[in-house]
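I have placed the structure first, in the form of structure tokens, so that the comments after it can refer back to it.
The values are calculated or read from the model by the stated rules, or taken from the named source; none is laboratory data. Note that the structure is a prediction, hence the values are computed from the model and not measured. When we count neighbours, we look across all protein chains shown, and the Cβ atoms used for this are built from the backbone with ideal geometry, even at glycine. Remember, those area values only see protein heavy atoms, side chains included, never the ligands or the DNA or RNA. Shrake-Rupley method; radii C 1.70, N 1.55, O 1.52, S 1.80 Å.
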Amino acid sequence: MGDRAMDVICEIGEMKAQRANWSRPIGLVPTMGCLHDGHVALVRRAREETATVIVTIFVNPTQFGPSEDFGRYPRTLERDLELLQAEGTDVVFVPSASEMYPEEFSSWVEVEDVTSRFEGESRPRHFRGVATVCNKLFNIVGADRAYFGQKDAQQVAVIKRMIQDLNMNLDVVVIPTVREPDGLAMSSRNSYLGPSERAAATVLYRALRVARDMHGQGCCDAAVVARSMRESVAEEQLAQLDYAAVVDPLSFHELESIECPALAIVAVRIGATRLIDNMLLNDE
Ligand code: AMP
């Protein structure tokens, strides 16, 4: 690993021109950069399973709301490229926003229902931006498989829905959430946290463990579990709850009874930083 040449491509036309040279299957790992071990897990899985590994780095402006962190989102391209080279990536695609969204751009992918709750409610238009950019990247790359993290579980549900509804020809591979030793899910946004906020951020994992423990002890009432998650978040003074719930992992409809499969989800604001996490309750 790490000794083959890695192409860095910035133009859509160049990607399309190169496509005929890539061996199949082609694995695509879409990212916004500032790579961490969660991203690395996706790249490694793609490297194991596909002949050509393509990673995209694009801080997609259309998935950020006007008051969100697009401007200050961390950008660490040089370091990201070194890391991707070491992981044996074949191609890194780093498009410009002006080429992805030229002035005349007017086509959007709207996935309904699953986007209407939780992240979709807290971040209007977020999933429209995600679905549209993923659709564009799938078309530009011609990928056979796309790798996504369980960390963004509702994003996975939206992408799966889009692929099924629009008869798109690629498979989604979902990689388990990679965590810090204290349970905090790795995220590029963790870099925003000051020391006391970083300590407080473990509250998401604690709330999810409460849910899993309660279910492990036989509690199947989703409302009771969700209430305990909220109480757990309330114990952390620096944390402000956005939502905590138990949902169906494909539809994101809230469950009444925790039957297989059930996903506990939580979103919390810590200072100016918004963090999300989730845990399957009927996993190992
Ligand atoms: P991002 O750069 O945050 O857009 O993330 C790019 C991909 O990496 C998405 O599919 C994320 O779900 C995934 N990802 C982010 N954090 C983690 C993590 N801690 N563990 C596993 N996958 C992750």
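Residues to consider are 229, 214; find the one that is part of a helix (DSSP H, G or I), closer than 19 Å to residue 184 by Cα and at pLDDT 95 or above. Full working, then the answer.
Details: 214 fails: closer than 19 Å to residue 184 by Cα.
The match here is 229.
List the strands (runs of 3 or more DSSP E) that sit entirely inside the stretch 1-99 and contain at least 2 residues that are under 18 Å from residue 174 (Cβ atoms).
Counting at least 2 such residues, we get 26-31, 52-57.
Residue 203 - would you say it is β-branched (Val, Ile, Thr), away from the ligand (no atom under 13 Å from the Cβ) and under 20 Å from the mean Cα position of the chain (by Cα)?
yes
Return the residues of the stretch 133-147 that are within 12 Å of the ligand (Cβ to nearest atom) and within 17 Å of residue 110 (Cβ to Cβ); say none if nothing qualifies. Lay out the reasoning, then the answer.
In the first step, residues of the stretch 133-147 are kept if they are within 12 Å of the ligand (Cβ to nearest atom); the result is 133-134, 137, 146-147.
If the condition is that a residue be within 12 Å of the ligand (Cβ to nearest atom) and within 17 Å of residue 110 (Cβ to Cβ), then 133, 134 are the ones that fit.
List the helices (runs of 4 or more DSSP H) that sit entirely inside the stretch 102-192 and contain at least 1 residues that are open to solvent by 40 Å² or more (accessible area, probe 1.4 Å) and basic (Lys, Arg).
Per the criteria, 126-141, 153-165.
With over 30 Å from residue 160 (Cα atoms) and either in the same structural domain as residue 154 (by TED's automatic domain parsing) or open to solvent by 50 Å² or more (accessible area, probe 1.4 Å) (or both) as the only criterion, which of 223, 234, 200 stands out?
None of the other options fit; the residue is 234.
Could you list, in sequence order, all residues of the stretch 1-29 that are open to solvent by 30 Å² or more (accessible area, probe 1.4 Å) and closer than 21 Å to residue 79 by Cβ?
1, 3, 4, 5, 6, 7, 8, 10
Just a yes or no: is a residue in the stretch 21-28 within 15 Å of the ligand (Cβ to nearest atom) and within 16 Å of the chain's Cα centre (by Cα)?
yes
Does at least one position in the stretch 250-258 carry a residue that is assigned to a loop (DSSP other than H, G, I, E, B), of a type in the set (A, V, I, L, M, F, W, C) and on the phi > 0 side of the Ramachandran plot?
Yes: one or more hits.
Let's see how each residue does on (1) more than 16 Å from the ligand (Cβ to nearest atom); (2) within 30 Å of residue 7 (Cβ to Cβ); (3) within 16 Å of the chain's Cα centre (by Cα):
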{"residue": "93", "(1), (2), (3)": "no, yes, no"}
{"residue": "102", "(1), (2), (3)": "yes, yes, no"}
{"residue": "121", "(1), (2), (3)": "yes, no, no"}
{"residue": "131", "(1), (2), (3)": "no, yes, yes"}
{"residue": "149", "(1), (2), (3)": "no, yes, yes"}
{"residue": "159", "(1), (2), (3)": "no, yes, yes"}
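Assess whether residue 224 counts as being out of contact with any helix residue (DSSP H, G or I) (no Cβ under 6 Å at 6 or more places or on another chain) and part of a helix (DSSP H, G or I). Steps first, answer last, please.
On the way: out of contact with any helix residue (DSSP H, G or I) (no Cβ under 6 Å at 6 or more places or on another chain): yes; part of a helix (DSSP H, G or I): yes.
It is true that residue 224 is out of contact with any helix residue (DSSP H, G or I) (no Cβ under 6 Å at 6 or more places or on another chain) and part of a helix (DSSP H, G or I).
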